[in-house]
Amino acid sequence: MKVKAFLSSLFSATVLSVASMTATATDLNICYVKSPFNLQNIVMKENRMLENEFAGSDVKVIWHEINSGAKQAQALAAGALDVSAVMNTASLLLAVGVGNDLVITTGAAHPDHVFALVGKKGADFSVKDLKGKTIAGPRGTVLHQMLVAALKKEGMTMQDVKFVSMDPPKA
């Protein structure tokens, strides 16, 4: 039920954001993030919730896949993006810190128990086994924050691993 309430809030916030746009605006540029797994964003896009809501109007929904919060902030600042569905705290603070006027309409938490380590098939390992290993992932994202938290829980820091920043598809 919480997921349904959140989807409803996100959907309403997006519709209200578009309603406040100027009369000449016909494109709604919205960020689509599927990695890391963002259920609310996936459901809204796959079920064409926004397209259905604006059917019969002159609003055209255009989805942009941008996995980096920093890149989303840049697109918002440049006017290339109207709605960012997923940004972490660090990206929001950086965007506001350089003068971007952002409005947060709702939020979603990512519980830390959703974190998983992925390795070779049949391998059995723990967070402690990461010491001295190379780890690839997107820096400054919720995935990065969860890695830092997992290491800390085991008495480790990012200095105990070699972290290589890259987008999820490449990682």
Does any residue of the range 36-53 turn out to be modelled with pLDDT of 85 or more, among the basic types (Lys, Arg) and either in the same structural domain as residue 142 (by TED's automatic domain parsing) or in a helix (DSSP H, G or I) (or both)?
yes
Expected single match for modelled with pLDDT of 80 or more and under 28 Å from residue 75 (Cβ atoms) among 136, 108, 150 is 136
Considering only residues that are charged (D, E, K, R) and part of a loop (DSSP other than H, G, I, E, B), look in the range 54-93 and name the one that is surrounded by the fewest Cβ atoms within 10 Å (Cβ to Cβ).
58
Tell me, please, whether a residue that is within 25 Å of residue 144 (Cα to Cα) and either at pLDDT below 90 or in a loop (DSSP other than H, G, I, E, B) (or both) can be found in the range 9-28.
yes
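The values are calculated or read from the model by the stated rules, or taken from the named source; none is laboratory data. Everything numeric here is computed off the predicted structure, so don't read it as measured data. All Cβ positions, glycine included, derive from the backbone under ideal geometry; neighbour counts span all protein chains shown.
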